[in-house]
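For reference, the structure discussed in these notes is given below.
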Amino acid sequence: MTSHTEAIDARDIANLDQLRDLFAHADPVPSDLAERMKFAITVHALHAEVAELMDSALLTTRGADAKVEPTPTDSVTFTAASVSLMVSASPSEQADTDVRVRIDGWVTSPGARVEAMTVEGSVSEISDANGRFVMDDLPHGPVHFVITDPDNDDVRPVITPTIQI
Amino acid sequence: MTPTPTAPDGLGTRAGKAFAAYITGERERLSELVDLVTPVLWNAARSQGAPAPMCEDAIQTAFLQLVDRAESIKEPAAVLGWLVVVVKREVWRLSRGSRREIGVDEVPEAPTQQLDPESHSILSERQRVLWQHISTLTPRCQELLRVIAFADRPDYAAIAESLGMPVGSIGPTRGRCLQKLRTTLGSDPGWAV
């Protein structure tokens with residue numbers, strides 16, 4: 001006989017493992033839930049304005065009802081009240097394989113800081129006098145952009161929805 | 001004191017460390033916290049019997065409250081339990097609408113765990129047997145076991161407490177719910193491997 005006052009043993013752990021498998025199978029955590037939570041936290045913490053995706057024919061965002069992984073995109077435009085951002089993705093020139101991505105971007109504000117948040121962390125660039133910037137060597141996968149004014153902290157940051165590159 | 005073997009940190013401890021680092025300025029560590037605790041929070045929310053979109057809203061609210069109140073949370077190490085409490089309360093608040101505020105000390109009891117027929121149909125034979133046994137336990141045990149199954153052994157006591165189970169009933173020992181599961185499975189000749 002065993003008792004509830006005994007220590008948890010390997011059999012209890014095995015029972016819990018099977019229980020976890022059961023619920024993970026029958027009622028799985030939505031695959032993009034954690035990413036959507038991170039996005040909501042970022043928007044909230046930055047008091048950011050969320051940019052709208054303009055040309056949705058070119059790609060799929062990770063929406064709440066997305067059941068499948070979005071297809072990769074080539075070029076996309078985001079628009080907010082204060083700024084627009086266009087990004088194009090292509091294979092990185094630094095690597096001889098297509099495991100890395102290069103982003104060519106154009107933002108309507110010269111001298112804006114554009115930060116790309118990827119699974120590896122963040123990369124930021126300042127747009128040039130024409131609003132252009134380049135980010136080479138990004139990983140494939142989900143990315144969203146945060147646009148801020150490095151000279152003025154009072155301007156609300158703009159954050160884009162997450163896209164796949 | 002007898003030396004205890006070095007165990008790997010439980011999920012709650014790792015979450016606590018990530019949160020403590022976030023508070024001291026390592027902003028990117030919050031992402032790690034979200035990845036670690038989301039499965040536990042999903043199961044804590046879903047075990048209340050609420051629809052999926054409501055559970056997602058409750059989890060989001062809990063994370064936003066955590067960020068807003070990060071500085072005032074006295075025990076960063078207890079962040080997992082804190083989140084479980086907020087998620088559970090938020091699911092109940094949402095599912096009751098704004099009709100009634102839930103008292104601070106009131107911990108509503110979870111309903112009997114349900115699977116929709118579609119989910120039930122995709123279970124393996126062994127999972128169906130396990131499900132039958134789970135269904136014989138009290139709703140509180142079903143809820144507790146479901147949530148701790150997604151955490152690690154060192155976290156069980158904190159999770160039990162945040163779900164409103166008496167602390168003394170679990171802790172380092174097996175506890176009544178795990179014992180009941182063990183007994184009912186042990187009595188089933190079809191379950192033994």
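The values are calculated or read from the model by the stated rules, or taken from the named source; none is laboratory data. None of the values given here were measured: they were computed from a predicted structure. Cβ coordinates were reconstructed from backbone atoms using ideal geometry, including for glycine residues, and neighbour counts include every protein chain displayed.
In a residue-by-residue description of region A:9-28, the property of being modelled with pLDDT of 90 or more and in a loop (DSSP other than H, G, I, E, B) applies to at least one position. Contact annotation: no residue pair with Cβ atoms under 8 Å, 6 or more positions apart or on different chains, pairs a residue in region B:24-36 that is within 9 Å of another protein chain (Cβ to nearest Cβ) and at positive phi with a partner that is acidic (Asp, Glu) and not in a loop (DSSP other than H, G, I, E, B). For region B:79-128, what are the residues that are modelled with pLDDT of 90 or more, charged (D, E, K, R) and closer than 20 Å to residue B:160 by Cα? Listed by number, the residues that qualify are B:88, B:89, B:90.
A quick yes/no check of all residues on (1) part of a strand (DSSP E or B); (2) under 24 Å from residue B:28 (Cα atoms); (3) in contact with a strand residue (DSSP E or B) (Cβ under 7 Å, 6 or more places away or on another chain):
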| site | (1), (2), (3) |
| --- | --- |
| A:86 | yes, no, yes |
| A:130 | no, no, no |
| A:134 | yes, yes, yes |
| A:150 | no, yes, yes |
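Number of residues in region B:115-162 that are assigned to a loop (DSSP other than H, G, I, E, B) and under 24 Å from residue B:88 (Cβ atoms) equals 9.
The residues on offer are A:11, A:36, A:20, and the sole one that is crowded, with 16+ Cβ neighbours inside 10 Å, of a type in the set (D, E, K, R) and at the interface with chain B (Cβ under 7 Å from one of its Cβ atoms) is A:20. Please work out if residue A:60 is hydroxyl-bearing (Ser, Thr, Tyr), at pLDDT below 90 and buried (at least 19 other Cβ atoms within 10 Å of the Cβ). So residue A:60 fails the test.
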